[in-house]
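Contents: one structure, followed by commentary.
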Amino acid sequence: MKTELMDSVESKSLKSKVPYFEVGDVVDVKCRITEGVKTRIQTFSGTVIARSGRGMNETFTVRRVAGDEGVERVFPLNSPNVVDVIPLRSGKTRRAKLYYLRKRTGKGIRLAQRHSSHTIAR
Amino acid sequence: MVKLLGKKIGMTQIYDESGRMIPVTVILAGPCKVMQIKTAETDGYSAVQLGYDDVKASRVKKPQEGHAKKSETTPKRFVRELRLADGSEADCQVGDDVTVSALADVKYVDVVGTSKGKGYAGVMKRHGFGGFPASHGCERKHRAAGSISSVASDAGSGGNLKKGKRMAGRMGGDRVTTRNHQLVSIDTEKNLIIVKGAVAGASGGYVEVCNSRTKR
């Protein structure tokens, strides 16, 4: 009863079609940015290092190294401001959270490429 | 004034039109039965008595059963009144149903709940006292209340503890009103009220929802 009612409330905010991507993928996240009255689409690209939460609370973390500085952004999966997530390349992973990448630099942050049907580079 | 009785279902988040995430509380409210209409002539004040959540007739005392029969309904577990301004007439009849559609034009609501019981709590948790330092020679009184009185504290009679001095004790389980919740939406089909922000009490607890007294 309780979960049914909660689901009915949440379902209005959930996306009907969630883009498919996995941990280890290199993705382009298209997010809507509002500057004053203007809105535009900004792309944040990097490696998905974690997915956590369920339903309304599901988020994913994208890490990229800009210059010498690691940048991580956490996106709510169902946010209307996350317009699209485009998986470019799949990485070979043996765990669900790739937090070990934070300690690595240079060539060490690259993951072995895996051929996967959902990425653009098949 | 509109009042509805209901049950707190729980909290979640939803996105508004501009894509901002807002924390909301979901309340299952009504339909409430109008059980009695009190008037100044008969009761000394005017009010509408509402009942919510059916309970088996065999589970309640005979007078409650009889009271429910007057409005041709089953006894209710949660009965509360909506006080009306003196001299004003109720715009409903005994036996009427009040549903969430009564809140259709309302933008802000006040919600009354019963806060979660915290048990016997110290002054830091119960009243927000500062406590004492963790170190610098402080011994065995890190969360203590400090001095509660002195000889000079009650000039004349000398050294009495003031009435109402805040001390440790039972915390929680109180009637708590949270005001001016934005009414995000109502679901007339499922009898749901969705308000912005947190409402006092555990999920499953009874709540009263009425339109805001101060904010329109």
Compute the Kirkwood hydrodynamic radius of chain A, taking the inverse of the mean of 1/r over all pairs of distinct Cα atoms, and give it in Å to one decimal. 15.7 Å
Using the Cβ atoms and a cut-off under 11 Å, what net charge is assigned to the surroundings of A:ARG73, where Lys and Arg are +1 and Asp and Glu are -1? +1
Would you kindly state how much longer the chain becomes between B:ASP174 and B:GLN64 on full extension, computed as 0.36 nm times their sequence separation minus their alpha carbon distance, in nm to one decimal? 37.1 nm
Under the √(5λ) rule applied to the eigenvalues of the Cα gyration tensor, what semi-axes describe the equivalent ellipsoid of segment B:27-146? Give them in Å, descending. 45, 19, 15
Positive dipole terminus of chain B, leading residue within B:ALA144, B:HIS181, B:TYR108 (C-beta point charges): B:ALA144
How large is the convex hull of the C-alpha atoms of chain B per residue, in Å³? 228 Å³
Debye equation applied to the C-alpha atoms of segment B:120-171, log10 I(q)/I(0) at 0.12, 0.21, 0.28, 0.30 Å⁻¹: -0.35, -0.83, -1.01, -1.06
In Hz, Karplus ³J(HN,Hα) per residue of segment A:23-36 (6.51, -1.76, 1.60; θ = phi - 60°; x = Gly, Pro): 5, x, 6, 8, 10, 9, 9, 8, 10, 7, 10, 9, 10, x
What residues have an amide H closer than 5 Å to that of B:SER185, excluding those fewer than 5 places away on the same chain, when H is modeled at 1.01 Å from N in the peptide plane? B:ILE194
Counting only C-alpha contacts under 8 Å and six or more residues apart, can you give the relative contact order of segment B:97-167 as a whole percent? 21 percent
Solvent-accessible surface (1.4 angstrom probe) belonging to A:SER52, in square angstrom, nearest 10: 50 Å²
Value of D in µm² per second that Stokes-Einstein yields for segment B:112-199, Kirkwood Rh from Cα pairs, at 37 °C (0.692 mPa s): 193 µm²/s
Once fully extended, how much extra length lies between A:SER45 and A:SER11, figured as 0.36 nm per residue of separation less the alpha-carbon to alpha-carbon distance? 9.4 nm
Test of the criteria: in segment B:127-216, which GluC sites (Glu not before Pro) are in a DSSP loop and have at most 16 other Cβ atoms within 10 angstrom of their Cβ? B:GLU139, B:GLU189
For B:MET11, what accessible area in Å² do you get when you roll a 1.4 Å probe over the heavy atoms of the protein chains, rounding to the nearest 10? 90 Å²
Roughly how many Å is it from the Cα centre of segment B:105-166 to that of segment A:30-65, as a whole number? 45 Å
Point-to-point label distance, B:VAL106-B:GLN93, nm (Cα→Cβ direction, 7 Å offset): 2.4 nm
The set of residues whose placed amide H lies less than 5 Å from the amide H of A:SER45, leaving out same-chain residues fewer than 5 positions away, is A:VAL29
Ranked order, B:HIS181, A:HIS118 - accessible area, probe 1.4 Å, largest first: A:HIS118, B:HIS181
For chain B, with a Gaussian network of springs between Cα atoms less than 10 Å apart, report the residue from B:LEU183, B:LEU161, B:LEU103 with the top mean-square fluctuation. B:LEU161
I want to check the label-to-label distance for B:ALA198 and B:GLU72. Put each point 7 Å from Cα in the C-beta direction and report it in nm to one decimal. 4.5 nm
Hey, with R₀ at 25 Å, roughly what FRET efficiency would B:LYS190 and B:THR214 work out to, going by the Cβ-Cβ distance, to 0.05? 0.30
What are the ³J(HN,Hα) couplings of segment B:59-74, residue after residue, when phi is run through the Karplus curve with 6.51, -1.76, 1.60 and θ = phi - 60°? Round to Hz, x for glycine and proline. 8, 10, 5, 3, x, 5, 5, x, 5, 5, 5, 4, 9, 6, 9, 7
With all protein chains present and a 1.4 Å probe, the order of B:ILE22, A:ILE41 from largest accessible area down is A:ILE41, B:ILE22
Among the aspartates and glutamates, select those whose C-alpha is under 14 Å from the C-alpha of A:LYS2, and discard any that sit fewer than 8 residues away in the same chain. A:GLU10
Across all Cα atoms of the protein assembly as shown, Rg and the largest Cα-Cα distance (Dmax), in Å, are 28.4, 90
Could you please state, rounded to a whole Å, how far the C-alpha centre of segment B:1-20 is from the C-alpha centre of segment B:51-75? 30 Å
Multiply the residue separation of B:ILE22 and B:ALA85 by 0.36 nm, subtract the distance between their alpha-carbon atoms, and state the gained length in nm to one decimal. 19.2 nm
Place a point 7 Å from the Cα of A:GLU4 in the direction of its beta carbon; the residues of segment B:1-44 whose amide N falls under 20 Å from it are B:6-12, B:26-32
If you look for lysine pairs in segment A:17-105 that are eight or more places apart or on different chains, how many of them have Cα atoms under 23 Å apart? 4
Using each residue's phi in segment B:118-135, evaluate 6.51 cos²θ - 1.76 cosθ + 1.60 at θ = phi - 60° and report the 3J(HN,Hα) Karplus result to the nearest Hz, with x for Gly and Pro. 10, x, 7, 10, x, 5, 5, 6, 7, 10, x, 5, x, x, 10, x, 6, 9
Checking A:ASP28, A:ASP84, A:ASP68 against a Gaussian network model of chain A (alpha-carbon springs below 10 Å), the top fluctuating residue turns out to be A:ASP68
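The values are calculated or read from the model by the stated rules, or taken from the named source; none is laboratory data. All values reported here derive from a predicted model rather than from experimental measurement. Counting neighbours? That spans all protein chains shown, and the Cβs are built from the backbone with ideal geometry, glycine included. Only protein heavy atoms, including side chains, enter the accessible area calculation; ligands, DNA and RNA are left aside. Shrake-Rupley method; radii C 1.70, N 1.55, O 1.52, S 1.80 Å.
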